[in-house]
Amino acid sequence: MKKSLIALAALSASGFVMAQSSVTLFGVVDTGVTYVNGADNWSGMTSGNNSTSRLGFRGTEDLGGGLKAQFWLEAGLNTDAGDGASGGASGTGLEFKRRSTIGLQGGFGEVRMGRELTAAYNAASRYDVFGTVGVAQSRAWSQGGNQIRINNMVSYYTPSFGGFKAAVNYGFGEATQSRDGRYFGASLTYDNGPLSLGLGADRLNAGGNAAATQDITAYAVGGSYNFGAAKLAAAYRTQENKLGGAAVDRTAYLIGLSAPVGAAGEVKVSYNRYETEVNGGADQKADQFGLGYVHNLSKRTAVYGTYAYIKNKNGAAISLGNGGLDDGKQHAIQAGVRHAF
Amino acid sequence: MKKSLIALAALSASGFVMAQSSVTLFGVVDTGVTYVNGADNWSGMTSGNNSTSRLGFRGTEDLGGGLKAQFWLEAGLNTDAGDGASGGASGTGLEFKRRSTIGLQGGFGEVRMGRELTAAYNAASRYDVFGTVGVAQSRAWSQGGNQIRINNMVSYYTPSFGGFKAAVNYGFGEATQSRDGRYFGASLTYDNGPLSLGLGADRLNAGGNAAATQDITAYAVGGSYNFGAAKLAAAYRTQENKLGGAAVDRTAYLIGLSAPVGAAGEVKVSYNRYETEVNGGADQKADQFGLGYVHNLSKRTAVYGTYAYIKNKNGAAISLGNGGLDDGKQHAIQAGVRHAF
Amino acid sequence: MKKSLIALAALSASGFVMAQSSVTLFGVVDTGVTYVNGADNWSGMTSGNNSTSRLGFRGTEDLGGGLKAQFWLEAGLNTDAGDGASGGASGTGLEFKRRSTIGLQGGFGEVRMGRELTAAYNAASRYDVFGTVGVAQSRAWSQGGNQIRINNMVSYYTPSFGGFKAAVNYGFGEATQSRDGRYFGASLTYDNGPLSLGLGADRLNAGGNAAATQDITAYAVGGSYNFGAAKLAAAYRTQENKLGGAAVDRTAYLIGLSAPVGAAGEVKVSYNRYETEVNGGADQKADQFGLGYVHNLSKRTAVYGTYAYIKNKNGAAISLGNGGLDDGKQHAIQAGVRHAF
């Protein structure tokens, strides 16, 4: 989607084009209809099924000598009802909770400050063929608290070394005289031709600004290979939540395949396996299947249809959406239109 | 106002104009001073007296073959205090509660999804010469709950057949296993030369997402004729609110006249009659008179002055604003500036 | 910063440039790291240390005959966390609480309506070399309620008469049959070559829309002289809060110096003295020192570092930020990046 963003013509007050200082207005409106067949049938309109609905402003200024200043303000939207649904927050007004950063970029890489996706999340979540949105998305990153986005981060991103890139994030907990809410994360990625690999690790301390109620430590690894006729992707993630003596260990496996169909279509299939162990007790398990088709009407506009099925065992209760689980099971379908601008 | 919207020049990153994919930033800032002479005198600054203050982003993409993708995000503003006053909601932050839609348009008409004005409202409310804003607006659509805008709608708009157009709205209630909050509405309009006619009917079920506390069924019909020297407009609307055995029936009649004065002025007069019958009891009645003048400083900017008077009888308590009714009566005047961009 | 705003190219739907009607998207992203050494050490990420982070839309339309229509919508941002921090309000969603005005400007000056900075504040606060932001800012305007921005104002600004300008603000209290929340303010300024002078006086009645809990009356005077090698600025402000028989009198003195260093640097030093007298009791006193350096990477982008120290006496408790006072004392440092667009 980033490739299809529209750059607004930036003119100075005196009328000449300032090529080095453009501001880009961008966004996505993605709205569809979802039907969930679980304990109760539920149908409704949902936003962000193929790509999260959003509105943003971003820009780059060339400072000379290879140095650039960059800012990025991006807010989530609930396009079914018009309110603002921001990454990780429940506020109803527009907030730049998806990303709110300023950075300086040069030959040394980039230093950024603010709220954004963590490097640990980015490194492995990109191997979910459903892009971690919609009913068939992987729930590997969203069970038992999350470290998808963190406030108050100072981040460093290296340049690419033959396809290798590394990144580190430090998020201030902003708690007086304690480490409450502090976040540490890092990633290592490799992207070269058809092969892509990613490693991520992070740690969020309970309390403070992050509002996490437990210490959370997570590791993830993933990869994909593009065979041309299809792209195969897989990832593994393990997360431990601790509070006092109690511990919950969550493990997720995901594998997916995406393949072009004709000139404008794309088929996606995925399987997710979730395992949860509470204080060393018996494993809760869930298996999730996803099938999707995206038909591109242009580079910016697509219609899509997605089917997902989840089956929980041993007391697991991972849900695809509203409607409630039926003996641990739920089917969901959704169809809609996505437009990026 | 739509005619005066500014289209921002949309350039791709490589510098050429993408004529088929423009994004438009648009809005209205309308602020004025209002004085209400009722039980207590009240004076203050008010927003959206001649046209609702707003900020929006909208765009169209030509997909080829006569097909277009369209999005529209529009938020209400309270320009007297700077907060977001969104259509039908009380949130203080900016929300796209006036309109939040995505649509596909072609020879078949247009299919849209999201929150917007209902077709039933649009069909007849356009015959209020005060545009349903400001102290002299018709209260025909805003007594006892409203169906002006609805969340979660799938809508279909036909193309024009010799001036005739039809539209249907279905709004998901999003309540599990019930019809709570569900909305159905339809309209038929005719616009040809000086003559305009409109019919609207809709039904909103209590509960669910719509937060209506009663089942509401409404019908409206209206028309206008432009004689050149003046335009005469009239409408009738009836609304029944039901909850259990209790029923409230509301009927409104409105008639108005607007006429150009000189090159830049417009005079508007209107009369509204409201009748309310509670559980078959004696009619509550109110008569409302409005007089307004708009002086256009340009196509986008105008100054305006409006006077309104309401007289309630038999226990009716319809108000023009703050300050309280004085023996059922209230006078109000307002003056301000409206600028569209 | 206003000088570096980007004007978006405004095109009509038919493609020609409407030179007389441009809309400008503008903003500031300013994020840094702050360390406060008081009773407890506190460190964290903070927004708006050198210039308040913001996002805005403004425009001017030439109406002919020397008359212009102008609108200005400006929202505050918390760029460390992505939410909206608006001038004087605690809402989390985006709100145009920094400024929300419409105005008509001509040879007579300008008449504006809406929420904005008061003229009394503008006249003297501009002599704080730290721009009333960040840890070293003057607290002269922010102790015991403030009249920095007021809702519902009708304002008149004169044109310049040989460097002299005057302004008056009236803010409706919007309370029925009382003067609660009503605001009156005025300013007189003189700007000519190296010399700048400003006088401001205002009065805010308790209650009503302004949510002030006391009647507040304030006077301020200030001035600056640019010697070339350095600019010297000083101001004095006195504020009386009254409720019933109780009165609190606050007086602030500030003096500062700013000087260019090399082609791109600027050094700033300031001293603030605060005195508070509660019901005629013994003076509470505080002394504050500030030292800052701003290094401009371009006209729009800068890195900065600021140090501040405050020492409270006789029960005064004015703070530089989080962390608590240590025997009335606190040190703070902050460093960050500011980018205007």
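The values are calculated or read from the model by the stated rules, or taken from the named source; none is laboratory data. Predicted model only: the values in this text are computed from it and were never measured. With ideal geometry, Cβ positions are generated from the backbone for all residues, glycine too; neighbour counts draw on all protein chains shown. To get the accessible areas, we keep the full protein, side chains included, count just its heavy atoms, and leave off ligands, DNA and RNA. Shrake-Rupley method; radii C 1.70, N 1.55, O 1.52, S 1.80 Å.
Can you name the residue in segment B:290-311 that is among the hydrophobic types (A, V, I, L, M, F, W, C) and assigned to a strand (DSSP E or B) and is also farthest from the other protein chains (Cβ to nearest Cβ) among such residues? Show your work before the answer.
So in segment B:290-311, the residues among the hydrophobic types (A, V, I, L, M, F, W, C) come out as B:291, B:294, B:297, B:302-303, B:308, B:310.
From what's left, assigned to a strand (DSSP E or B): B:291, B:294, B:302-303, B:308, B:310.
On the way: B:Leu291: 22, B:Val294: 15, B:Ala302: 9, B:Val303: 8, B:Ala308: 18, B:Ile310: 18 Å.
Residue satisfying both the conditions and the ranking: B:Leu291.
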Filter result (within 9 Å of another protein chain (Cβ to nearest Cβ), farther than 15 Å from C:Ala81 by Cβ and of a type in the set (Ser, Thr, Tyr)) within segment C:26-48: C:Ser43
Return the only residue of C:Phe71, C:Phe96 being within 8 Å of chain B (Cβ to nearest Cβ), assigned to a strand (DSSP E or B), open to solvent by less than 30 Å² (accessible area, probe 1.4 Å) and not β-branched (Val, Ile, Thr). C:Phe71
Boolean, C:Gly171 is surrounded by fewer than 24 Cβ atoms within 10 Å (Cβ to Cβ) and more than 25 Å from B:Leu297 (Cα to Cα): no
Hits in segment C:132-147 (condition: β-branched (Val, Ile, Thr) and in contact with a helix residue (DSSP H, G or I) (Cβ under 7 Å, 6 or more places away or on another chain)): C:Thr132
Conditions first: (1) open to solvent by 10 Å² or more (accessible area, probe 1.4 Å); (2) more than 14 Å from chain C (Cβ to nearest Cβ); (3) outside any loop (DSSP other than H, G, I, E, B). B:Arg58 passes all but one, so which condition is the exception? (2)
If we keep just the residues of segment B:178-211 that are open to solvent by 50 Å² or more (accessible area, probe 1.4 Å) and among the small types (Gly, Ala, Ser), which is modelled with the lowest pLDDT? B:Ala211
Leading residue by the ranking (most open to solvent (accessible area, probe 1.4 Å)) among those in segment C:150-162 that are in contact with a Lys or Arg (Cβ under 6 Å, 6 or more places away or on another chain) and at pLDDT 95 or above: C:Thr158
Would you be able to tell me the number of residues in segment B:177-204 that are within 14 Å of chain A (Cβ to nearest Cβ) and either in contact (Cβ under 8 Å) with a residue 24 or more places away in the chain or aromatic (Phe, Trp, Tyr) (or both)? 6
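Residues checked against (1) of a type in the set (A, V, I, L, M); (2) within 20 Å of A:Trp141 (Cα to Cα); (3) open to solvent by less than 50 Å² (accessible area, probe 1.4 Å):
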| site | (1), (2), (3) |
| --- | --- |
| A:Leu291 | yes, yes, no |
| A:Asn296 | no, no, no |
| A:Thr301 | no, no, yes |
| A:Gly305 | no, no, yes |
| A:Ser319 | no, yes, yes |
| A:His331 | no, no, no |
| A:His339 | no, no, yes |
Taking segment A:30-42 as the search range and keeping residues that are modelled with pLDDT under 95 and part of a strand (DSSP E or B), which one is surrounded by the most Cβ atoms within 10 Å (Cβ to Cβ)? A:Trp42
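Would you be able to tell me the number of residues in segment C:99-136 that are farther than 25 Å from C:Pro159 by Cβ and either in contact (Cβ under 8 Å) with a residue 60 or more places away in the chain or within 14 Å of chain B (Cβ to nearest Cβ) (or both)?
Filtering segment C:99-136 down to residues farther than 25 Å from C:Pro159 by Cβ leaves C:128-136.
Of the ones still in play, those that are also either in contact (Cβ under 8 Å) with a residue 60 or more places away in the chain or within 14 Å of chain B (Cβ to nearest Cβ) (or both) are C:128-131, C:133-136.
Going through segment C:99-136 one residue at a time, the tally reaches 8.
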Odd one out for A:Tyr121 among (1) open to solvent by 10 Å² or more (accessible area, probe 1.4 Å); (2) under 16 Å from A:Leu254 (Cβ atoms); (3) in a loop (DSSP other than H, G, I, E, B); (4) not aliphatic (A, V, I, L, M): (3)
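Looking at segment B:138-149, is at least one residue farther than 28 Å from B:Ala332 by Cβ and of a type in the set (S, T, N, Q)?
No, segment B:138-149 contains no residue that is farther than 28 Å from B:Ala332 by Cβ and of a type in the set (S, T, N, Q).
Can you report the number of residues in segment B:273-288 which are in a strand (DSSP E or B) and without any contact (Cβ under 8 Å) to a residue 24 or more places away in the chain?
1
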Restricting to segment C:226-264, name every residue that is under 23 Å from C:Lys299 (Cα atoms), in contact with a strand residue (DSSP E or B) (Cβ under 7 Å, 6 or more places away or on another chain), in a strand (DSSP E or B) and open to solvent by 30 Å² or more (accessible area, probe 1.4 Å). C:Lys231, C:Leu232, C:Leu257, C:Pro260, C:Val261
Subset of segment C:84-126 that is at pLDDT 95 or above and among the hydroxyl-bearing types (Ser, Thr, Tyr) - its residue that is farthest from B:Met45 (Cα to Cα): C:Ser125
Subset of segment B:157-176 [within 14 Å of another protein chain (Cβ to nearest Cβ) and among the β-branched types (Val, Ile, Thr)]: B:Thr176
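This table checks each residue for (1) at pLDDT 95 or above; (2) more than 21 Å from the chain's Cα centre (by Cα); (3) basic (Lys, Arg).
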| site | (1), (2), (3) |
| --- | --- |
| B:Val248 | no, yes, no |
| B:Tyr253 | yes, no, no |
| B:Pro260 | yes, yes, no |
| B:Lys268 | yes, no, yes |
| B:Phe289 | yes, no, no |
| B:Tyr307 | yes, no, no |
| B:Gly315 | no, yes, no |
| B:Gly324 | no, yes, no |
Using the structure shown, decide if C:Asn314 is within 14 Å of chain A (Cβ to nearest Cβ) and open to solvent by 30 Å² or more (accessible area, probe 1.4 Å). no
Restrict the check to segment C:129-147 and report whether at least one residue is among the hydrophobic types (A, V, I, L, M, F, W, C), touching a Lys or Arg at 6+ places or on another chain (Cβ under 8 Å), open to solvent by 20 Å² or more (accessible area, probe 1.4 Å) and in a loop (DSSP other than H, G, I, E, B). yes
